[in-house]
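The values are calculated or read from the model by the stated rules, or taken from the named source; none is laboratory data. Please read all numbers here as calculations on a predicted model, not as lab measurements. FYI the Cβ positions are ideal-geometry reconstructions off the backbone, even for glycines, and counts take in every protein chain you see.
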Amino acid sequence: MTYADLLFVGGPVLTVDSGRSRATALGVHKGRILEVGHRLDHLRGPRTEVVDLGGRLLLPGFQDAHVHAVFGGLEMGQCDLTGTTELADYLVRIREYAAANPDQEWIVGSGWSMESFPGGVPTAELLDQVVSDRPVYLTNRDHHGAWVNSLALKIADITRDTPDPADGVINRDSEGEPVGALQEGAIGLVGQHLPAATHAELVAGLLRAQTMLHSLGVTGWQDAMLGSNHGYPDPSDAYLSAATDGTLVSSVTGALWWERERGAEQIPGLVERRARFTTGNLTCSTVKIMQDGVAENFTAAMNEPYLDACGCATANSGLSFVEPADLARYVTALDALDFQVHFHALGDRAVREALNAVAAARAANGWTDTRPHLAHLQVMDPADVPRFRQLGATANLQMLWAAHEPQMDELTIPFLGASRAARQYVFADLLRAGATLAAGSDWPVSPANPLEAVHVAVNRAHPGSSHRPFLAEQSLDLGTALAAYTAGSAYVNHRDDSGSLVAGNVADLVVLDRDPFDGPAGEIASTTVAQTYVRGKRVYESL
């Protein structure tokens, strides 16, 4: 008789199987689910650890399909500007951080919001008031822009004569002088001068992030950028070290970064990196292609031009970082080599270009099990919604973004126009069209808490918000949102033995402090994680 090492009783158990069935007990043996049912006393042996759920919900571990774990872990130890939108708070934090870290050559941090500044553009003059003797480099919360002081501009030799890079913008005043804000590829003009993070710092950031993610019930993830990009450090070796020595407890899919300044000549190197960095709990069979920017700085690629403050069409329709014809060629070649492609596609033009590339790969290679997925999907043309099902492309949702907030209401909607603004984050349309849904946080761009994101997917509003729901007709039901964050992301990550609680699957499990199905939808985000298990081992327990 095989006894369970770990036995959960007193349900409920949400299996997230094909029928979304429920049970009241679950047994684990050697890190895998032994049996799921209602009366499992026959699995209780002399050494079985019994966990009485007492009405708390047991479900599969959350999997984050789009996260930057190492960067998030690094930023936890840097100048943190999250949690406020007040300029005065930013300046106090920057001043205090600089004073507390007198030996740091650069003041580096992240988390400011564009809504805090007129037009979303901060200035070096403001930073110079608090730190002028050292260069300052602070990325905004979406990490598509940077705020720098005058010394940083000087070090990077950015003047009125410096041209904008092809994939970015240097914000300037009416006289053409740089003001201290940089967008997209332009952030690398300063970022390349930052002191390189050490290997030890990157590993520490990874392990710090893993601990935090476990506390939120996240048992596996896809890191959306393994490679160096515009001043960001490459976390690949940190992952390799942790995967080799066993400190990487969670299963991670690493998305190898596609260098958009290069072409197909980089593919052999990606093949080599896939082999080198696939070991232990780390798999690197994905390539990340960033096809466009973000809407609030007008770099997301749109089919029609952005509007200006007066509501008139401009000459700018955003940036496609990879030419569409080239994108199709590259994706076809990668698909033929059994690479999954993970697209950053935020504007409706970028979404179409990415789907066209998937279509080209399907036409050339036939249907393969590469499971391409498109992340962000802020604006979509209705004609492209059914193509996800038709092409077998997964919609990777950042649920937390589908809500009214100043960045949406003041810096995005007015410049999209009413018709386009009504086609944002069309989660329900994708579901009705038969698309596979996965979910990710994009942390540290936004908080990593899956339950907070699920709350927004259901309510289309942030917890405690007084705003009306954002396009309420695009909401998801609770079961669908949870399935996207578990089974859907497991599918994207090619972890077919996880994401649902069925016999034989790995015992990646989360115990919540309650059953959120029992309460009103407006209280979903008040649910917390009580325990997290990875392969049957407890990695987190709330106090």
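Key figures
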| read-out | value |
| --- | --- |
| Answer residue from the stretch 398-413, given it is within 19 Å of A301 (Cβ to Cβ) and out of contact with any Ser or Thr (no Cβ under 8 Å at 6 or more places or on another chain) and is surrounded by the fewest Cβ atoms within 10 Å (Cβ to Cβ) among those | I413 |
| Among (1) under 20 Å from N493 (Cβ atoms); (2) under 25 Å from the mean Cα position of the chain (by Cα); (3) at pLDDT 95 or above, the one test that G31 misses | (2) |
| Search result, residues across the stretch 303-318 that are touching a residue at least 12 places away in the same chain (Cβ under 8 Å) and either among the small types (G, A, S) or surrounded by 23 or more Cβ atoms within 10 Å (Cβ to Cβ) (or both) | A309, G311, S317, G318 |
| Candidate set from the stretch 44-87 (those that are among the hydrophobic types (A, V, I, L, M, F, W, C) and within 21 Å of S21 (Cα to Cα)); member that is surrounded by the most Cβ atoms within 10 Å (Cβ to Cβ) | F62 |
| Check on G220, modelled with pLDDT under 95 and surrounded by 15 or more Cβ atoms within 10 Å (Cβ to Cβ) | no |
| Selected residue (criterion: surrounded by the fewest Cβ atoms within 10 Å (Cβ to Cβ)) from residues of the stretch 280-293 that are in contact with a strand residue (DSSP E or B) (Cβ under 8 Å, 6 or more places away or on another chain) and more than 10 Å from L256 (Cα to Cα) | N281 |
| Qualifying residue in the stretch 498-515 (condition: surrounded by fewer than 20 Cβ atoms within 10 Å (Cβ to Cβ) and farther than 24 Å from V51 by Cα) | no |
| When residues of the stretch 274-325 are limited to those that are of a type in the set (V, I, T) and touching a helix residue (DSSP H, G or I) at 6+ places or on another chain (Cβ under 6 Å), the one nearest to Q222 (Cα to Cα) | V287 |
| Hey, P386 surrounded by fewer than 18 Cβ atoms within 10 Å (Cβ to Cβ), under 27 Å from N316 (Cα atoms), in contact (Cβ under 8 Å) with a residue 12 or more places away in the chain and not hydroxyl-bearing (S, T, Y) or not | no |
| Residue check for V358: surrounded by 21 or more Cβ atoms within 10 Å (Cβ to Cβ) and touching a residue at least 40 places away in the same chain (Cβ under 8 Å) | no |
| The stretch 183-210, subset in contact (Cβ under 8 Å) with a residue 12 or more places away in the chain and in a loop (DSSP other than H, G, I, E, B), residue surrounded by the fewest Cβ atoms within 10 Å (Cβ to Cβ) | P195 |
| Scan of the stretch 361-383 for residues that are among the aliphatic types (A, V, I, L, M), surrounded by fewer than 18 Cβ atoms within 10 Å (Cβ to Cβ) and either under 26 Å from A453 (Cβ atoms) or touching an Asp or Glu at 6+ places or on another chain (Cβ under 9 Å) (or both), ordered by number | A364 |
| Exclusive hit being of a type outside the set (G, A, S) and assigned to a strand (DSSP E or B), set H66, H42 | H66 |
| Residues of the stretch 257-278 satisfying the condition of being in contact with a Phe, Trp or Tyr (Cβ under 8 Å, 6 or more places away or on another chain) and surrounded by 15 or more Cβ atoms within 10 Å (Cβ to Cβ) | W258, R260, Q266, I267, L270, R274, F277 |
| Which listed residue is of a type in the set (V, I, T) and over 25 Å from N459 (Cα atoms), from T532, T527 | T532 |
| Sole exception among (1) part of a strand (DSSP E or B); (2) out of contact with any helix residue (DSSP H, G or I) (no Cβ under 9 Å at 6 or more places or on another chain) for D369, by number | (1) |
| In the stretch 286-298, the residues that are more than 18 Å from the chain's Cα centre (by Cα) and either part of a loop (DSSP other than H, G, I, E, B) or over 14 Å from Q183 (Cβ atoms) (or both) | F298 |
| Looking only at the stretch 120-129, and only at residues there that are free of Cβ contacts under 8 Å to residues at least 60 places away in the same chain and in a helix (DSSP H, G or I), the one that is surrounded by the most Cβ atoms within 10 Å (Cβ to Cβ) | L127 |
| Wholly enclosed helices (runs of 4 or more DSSP H) of the stretch 418-473 bearing at least 2 residues surrounded by 22 or more Cβ atoms within 10 Å (Cβ to Cβ) | 427-432, 450-459 |
| Residue match in the stretch 165-180 (condition: touching a residue at least 40 places away in the same chain (Cβ under 8 Å), within 23 Å of T85 (Cα to Cα) and assigned to a loop (DSSP other than H, G, I, E, B)) | no |
| Residues within the stretch 151-182 that are over 27 Å from L346 (Cβ atoms) and surrounded by fewer than 21 Cβ atoms within 10 Å (Cβ to Cβ), tallied | 12 |
| So S241, is it part of a loop (DSSP other than H, G, I, E, B) and over 21 Å from V506 (Cβ atoms) | no |
| Pairs with Cβ under 6 Å, 6+ apart, first in the stretch 68-85 and under 16 Å from W221 (Cβ atoms), second aromatic (F, W, Y) | G72/W443 |
| Positions within the stretch 330-355 being assigned to a helix (DSSP H, G or I) and either β-branched (V, I, T) or surrounded by fewer than 18 Cβ atoms within 10 Å (Cβ to Cβ) (or both), in sequence order | V331, T332, A333, A336, V351 |
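Every residue, every condition in (1) over 27 Å from A333 (Cβ atoms); (2) assigned to a loop (DSSP other than H, G, I, E, B); (3) among the acidic types (D, E), yes or no:
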{"position": "M225", "(1), (2), (3)": "no, no, no"}
{"position": "V252", "(1), (2), (3)": "no, no, no"}
{"position": "L256", "(1), (2), (3)": "no, no, no"}
{"position": "R260", "(1), (2), (3)": "no, yes, no"}
{"position": "E265", "(1), (2), (3)": "no, no, yes"}
{"position": "E272", "(1), (2), (3)": "no, no, yes"}
{"position": "A275", "(1), (2), (3)": "no, no, no"}
{"position": "T283", "(1), (2), (3)": "no, no, no"}
